[in-house]
Amino acid sequence: MVCKGVSVYEGKAKIVFKTDDRHRLLIEFKDDATAFDGVKKDRLPDKGILNNRLSAIFFRLLEENGIETHFIESVSDREMLVKALEIIPVEVVVRNIAAGSIAKRLGLEEGVKLNRTVLEFSLKDDALHDPMINHYHIYALDLATAEEMAEIEKTALAINAILIPYLEAKGIKLVDFKLEFGRYQGRVILGDEISPDTCRFWDSSSGEKLDKDRFRRDLGGVVDAYREVLRRLEN
């Protein structure tokens, strides 16, 4: 039985609570949807439930394949118990296909497969709109050590190598996705979530978007798309 304590953090899509064990936290997934640094907002019924279930599926898959994550167990429809991490304030974006900001920045046609996987880094800071940074910034600001960044990059690429064939078998292209990592008992492990909020998923045949871009681009059917991803993963 998990004893839910006070809230210690609330982000755009999740609330983090203390528990009676200082090494464990409870994450509640919200139905709130935001885009463009919170300028666009809405509430999508059941989105939090879907993201909780999807993240649990992905975390279990990664654990089974040797990737340590903060996930411990699902405790309700929209809550999961996790290890309490010291979050490293460096967001990692793993890109396989040109979409979103990289297509705009580099003048690429959306949908072009990149010749190799690209890793990009951003400072995790909402007030600064999560600016892109590189290794020089990371070390100058003492955000992470060279050893930690080497582990983060190695793990991000390993996660990509696990997810691509898994999703291909479900008829889904893994376009790109965001990861966050944290320190736990001397180790760097995966945190946050893996869901259509943090990934671009395209249907392999039609190219239909099955992710948060449906909300960003006013395509409609956001929750239905998330449900479709869950249906494929559970079958």
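The numbers here are math on the coordinates, done by the rules we state, and not lab data. Please read all numbers here as calculations on a predicted model, not as lab measurements. Glycine gets a Cβ as well: all are built from the backbone with ideal geometry, and neighbour counts include every protein chain shown.
Take the Cα radius of gyration of segment 1-99 and divide it by 2.2 N^0.38 Å, N being the number of residues; the result is 1.15. Using the alpha carbons alone, the radius of gyration of segment 86-221 stands to its Kirkwood radius in an Rg to Rh ratio of 0.97. Counting charges near D125 (Lys, Arg +1; Asp, Glu -1) among other residues having Cβ under 14 Å from its Cβ returns a value of -3.
Placing one identical point scatterer on every Cα of the chain and ignoring solvent, what is log10 I(q)/I(0) from the Debye formula at q = 0.10, 0.16 Å⁻¹? Debye output, listed in q order: -0.45, -1.28. Counting Lys and Arg as +1 and Asp and Glu as -1 over every other residue whose Cβ lies under 15 Å from the Cβ of H23, the net charge comes to +1.
Pairs of Cα atoms under 8 Å, at least six residues apart: use those to get the relative contact order of segment 7-83, whole percent.
Across segment 7-83, relative contact order equals 26 percent.
Here r is the Cβ-Cβ distance between S7 and E110 and R0 is 35 Å; the resulting FRET efficiency, rounded to 0.05, is 0.40.
Here the 3J(HN,Hα) profile of segment 129-145, calculated from phi with Karplus coefficients 6.51, -1.76 and 1.60 at θ = phi - 60°, is 6, 6, x, 5, 9, 10, 4, 4, 5, 4, 6, 5, 8, 6, 7, 7, 8 Hz, Gly and Pro shown as x.
Could you list, in their original order, any pairs among K12/K47; K47/K212; K14/K41; K113/K173; K47/K113 whose Cα atoms are separated by more than 21 Å? Before the final figure, lay out the partial values.
On the way: K12/K47 13 Å; K47/K212 11 Å; K14/K41 14 Å; K113/K173 11 Å; K47/K113 29 Å.
As for pairs spanning more than 21 Å Cα to Cα, those are K47/K113.
Charges on Cβ only, +1 for Lys and Arg, -1 for Asp and Glu, centred on the Cα centroid of the chain; of M149, N134, A33, which one is farthest towards the dipole's positive end? Going by the charge dipole, the pick is A33. Can you give the relative contact order of the chain as a percent, counting alpha carbon pairs under 8 Å and 6+ residues apart? RCO, the chain: 17 percent.
Annotation for R22 and I87: the two label points, set 7 Å from Cα along the Cα-Cβ direction, are 2.1 nm apart.
Amide H contacts of R200: V175, D176, F177, each under 5 Å away and 5 or more positions distant or on a separate chain (H built 1.01 Å from N in the peptide plane; Pro and chain starts excluded).
Using alpha-carbon pairs under 8 Å, 6+ residues apart, how would you state the relative contact order of segment 1-136 in percent?
Details: 225 pairs, mean separation 20.9, N = 136.
After rounding, I find 15 percent.
Around I67, with a cut-off of 13 angstrom between Cβ atoms, what is the net charge of the other residues, counting Lys and Arg +1 and Asp and Glu -1? Let's see the in-between values first.
Working: positive: R60, K154, R187; negative: E63, E64, E68, E151.
Surrounding charge for I67 is -1.
By the count of other C-beta atoms within 10 Å, a proxy for reagent exposure, R116, R24, R53 are ordered fewest to most as R116, R24, R53.
Net length available on complete extension from E151 to M132 is 4.9 nm, with 0.36 nm assigned per residue and the Cα-Cα distance removed.
Backbone amide hydrogens, once placed in the peptide plane, bring L114 within less than 5 Å of I97, A98, excluding anything fewer than 5 places away on its chain.
Using the count of nearby Cβ atoms within 10 Å as a rough guide to exposure, how do C199, C3 rank from fewest to most?
Details: C199 24, C3 11.
Placing the least packed residue first, the sequence is C3, C199.
Peptides 86-92, 62-68 ranked from most to least packed, by the mean per-residue count of other Cβ atoms within 10 Å: 86-92, 62-68.
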